[in-house]
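Q: What follows is a single structure, and I will ask about it in a moment.
The values are calculated or read from the model by the stated rules, or taken from the named source; none is laboratory data. None of the values given here were measured: they were computed from a predicted structure. For neighbour counting, all protein chains shown are included, and Cβ atoms are generated from backbone atoms with ideal geometry for every residue, glycine included. Heavy atoms of the whole protein, side chains included, go into the accessibility calculation; ligands, DNA and RNA do not. Shrake-Rupley method; radii C 1.70, N 1.55, O 1.52, S 1.80 Å.
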Amino acid sequence: MKYYSTRKTDTTYTLTEAVLQGLSPDGGLFVPAKLPHFSVEEFANCQALDEFAFKLLEPFFIHDVLHSSLAKICKRSFSFPLPLVELSSDLSLLELYHGPTASFKDIGARFLANALSFVLQDHDKLTILVATSGDTGSAVASAFHQKDNIQVVVLFPLGKVSTRQEHLLSCYDGNVCTLAVEGTFDECQKMVKATFANEKIASNFNLSSANSINIGRLLPQSMYYARSSIDYFQRTGKEPGFIVPTGNLGNALAAMLAQKMGFPIREVVIANNKNAVLSDYFATKLYQPKKSIATLANAMDVGSPSNMERLLHYYPKIDDLEKSVSAYSVDDEEIKNTIIKVYSEFKLAICPHTATAFNVYQRLSSRDWILVSTAHPAKFFDIVEPLIEKPVQLPNDMRQLLAQPSCYKTISTDLRELQNFLGK
Ligand SMILES: *Cc1c(COP(=O)(O)O)cnc(C)c1O
């Protein structure tokens, strides 16, 4: 399989090149030259998640040096359950938060980390530089922790993430280092971008990114849509629709790609918070990035989704997109009311991101839906517990991480401080 940029299809790259570079040199995003097509029957004998993932992902790895390592990468990455829980006859919940840092980002981050560690065996040291508004940083830190020859530097905005998020970002030792920036998330992101743009520094430190535009995070995310749609279809004989809490559009795009690859997915519904980028796009037929607004579902506070360029690549005409995709926006008041309602109806605590999907579900006609649950409610206990008036149980992995000491260094938004730090 060859890869090219969304902006220039006549230069091709290998998968390894696309994964190492993250972003194409022309500023576009890498996409595979074509999508494989599958039938449900082909997966009849793939019970284990890692075997299923191998079968789905193998076409994307053909002719790449990573092909021979794919089985091992899948085994190491898909090592925790992704349960599909039936809530009622027409409603199931896909729980993607059973990984070590309790958000779906563990899946893509671990796959990318395992893939990169095979690429690097004979290469120099690599430095992963990542800015986070909360969940990405901990997933990336956990995924790369103790990987040989890889150093991780995580930047987060001091005082602007929840206390638990902060701890989960800064409880790793060894090859992971956490920097608290006296600034906003946008400023952290700007510092990362400026450091990548500095060619001397980028090549000296062999910088690489692990943010959600990396194709090595996107591809493995299609796996759980493929798997759960087949499971649902085999149980009920019906094709489910997915409702996906969305920010940078990585997770929802993975669902759309699974649909394009032939899996039994009726439709994909995007749940935005107050950052109504996608629902505005459908309403006005014009894509307009905006400044992000802070909401209770903070991992979705994105005004300019980084995967939009891939979406427009796969669906250049909005009329085609509208045939299988729609979008809705949910405000903070609705998020709070939904958390309360879902708890009283199902005795189920949900995080504010997952609440956007439940809220959209309530507005849609009742027919086979799978709601995507993107994070464990314990990560957002300060929002969830006062609403449901009950404590939320900590998952074991999170309990262990919270018991570790945490440590970070505080820096200003002055780029030289970050660059001096890399020099050490
Ligand atoms: C990152 C994140 C999202 C948004 O996912 P995208 O792929 O950026 O659209 C939703 N919920 C949670 C809990 C997240 O951490």
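Q: What size of dipole, in debye to the nearest 20, comes out for the chain about its Cα centre when the only charges are +1 on Lys and Arg C-beta atoms and -1 on Asp and Glu C-beta atoms?
A: So the dipole magnitude of the chain works out to roughly 280 debye.
Q: If you roll a 1.4 Å probe over segment 6-145 with all protein chains in place, what percent of the accessible area is carbon or sulfur?
A: 50
Q: Next question, about the same structure. Once phi is turned into ³J(HN,Hα) by the Karplus curve 6.51 cos²θ - 1.76 cosθ + 1.60 with θ = phi - 60°, what whole-Hz value does each residue of segment 82-89 show in order, with x for glycine and proline?
A: For segment 82-89, the Karplus curve yields 10, x, 9, 9, 7, 9, 7, 5 Hz.
Q: How much length is gained on full extension from GLN234 to HIS67, taking 0.36 nm per residue of separation minus their Cα-Cα distance?
A: Stretched fully, the GLN234-HIS67 segment lengthens by 57.1 nm.
Q: Which of the peptides 248-255, 411-418, 69-76, 5-12 is most tightly packed, and how do the rest follow, going by the mean number of other Cβ atoms within 10 Å of each residue?
A: Per-residue Cβ counts within 10 Å, averaged per peptide and sorted highest first, yield 248-255, 69-76, 411-418, 5-12.
Q: Here's another thing I want to ask about it. Provide the per-residue ³J(HN,Hα) series for segment 36-52, in order, calculated from phi with Karplus coefficients 6.51, -1.76, 1.60 and θ = phi - 60°, each as a whole number of Hz, with x at glycine and proline positions.
A: So the Karplus estimates, Gly and Pro as x, are x, 10, 10, 10, 4, 4, 4, 9, 4, 9, 9, 7, 5, 4, 5, 6, 4 Hz.
Q: How many percent of the accessible area of segment 292-381 is carbon or sulfur, using a 1.4 Å probe?
A: It is 51 percent, rounded to a whole number.
Q: Cα gyration tensor of the chain, axes a ≥ b ≥ c as square roots of the eigenvalues: rounded (a/c below 1.5), prolate (a/b > b/c) or oblate?
A: Because its axes are fairly even, with a/c under 1.5, the chain counts as rounded.
Q: Remind me, relative contact order of the chain in percent, using alpha carbon pairs under 8 angstrom and six or more residues apart?
A: Worked out over the chain, it gives 18 percent.
Q: Pop the C-beta distance of ALA283 and SER412 into the FRET formula with R0 = 60 Å and round what comes out to the nearest 0.05.
A: 0.90
Q: Report, in whole Å, the centroid distance computed from the Cα atoms of segment 370-420 and segment 128-143.
A: 11
Q: Just to confirm, what accessible area per residue do you get for the chain at 1.4 Å probe, in whole Å²?
A: That works out to 41 Å² for each residue.
Q: Name the residues whose placed amide hydrogens come within less than 5 Å of the amide hydrogen of GLN151, ignoring near sequence neighbours (fewer than 5 apart) on the same chain.
A: Result for GLN151 returns LEU126, THR127, ILE128.
Q: In addition: Using amide H atoms built in the peptide plane, which far-off residues or other-chain residues are under 5 Å from ALA131 H to H?
A: Long-range HN contacts for ALA131: LEU155.
Q: List, in order, the whole-Hz ³J(HN,Hα) value for each residue of segment 312-320 obtained from phi through the Karplus relation with A = 6.51, B = -1.76, C = 1.60 and θ = phi - 60°; use x for Gly and Pro.
A: Each residue of segment 312-320 in turn: 5, 5, 7, 10, x, 9, 4, 4, 5 Hz.
Q: Quick one: grab the alpha carbon gyration tensor of segment 134-279, order the square roots of its eigenvalues as a ≥ b ≥ c, and give me rounded if a/c is under 1.5, else prolate or oblate depending on whether a/b is larger than b/c.
A: Prolate.
Q: Continuing with this model, one more query. What residue among GLU267, GLU322, GLU239 has the largest mean-square fluctuation in a Gaussian network model of the chain, using Cα springs under 10 Å?
A: For the chain, modelled as a Gaussian network with Cα springs under 10 Å, the answer is GLU322.
Q: Among 371-382, 306-317, how do they line up by average Cβ neighbours within 10 Å per residue, starting with the highest?
A: The most tightly packed comes first, giving 371-382, 306-317.
Q: Pick from ALA141, ALA258, ALA194 the residue whose mean-square fluctuation is largest in a GNM of the chain, springs joining Cα atoms under 10 Å.
A: In the Gaussian network model the winner is ALA194.
Q: Given H placed on each backbone N at 1.01 Å, which residues far from GLY183 in sequence or on other chains put an amide H within less than 5 Å of it?
A: LEU158
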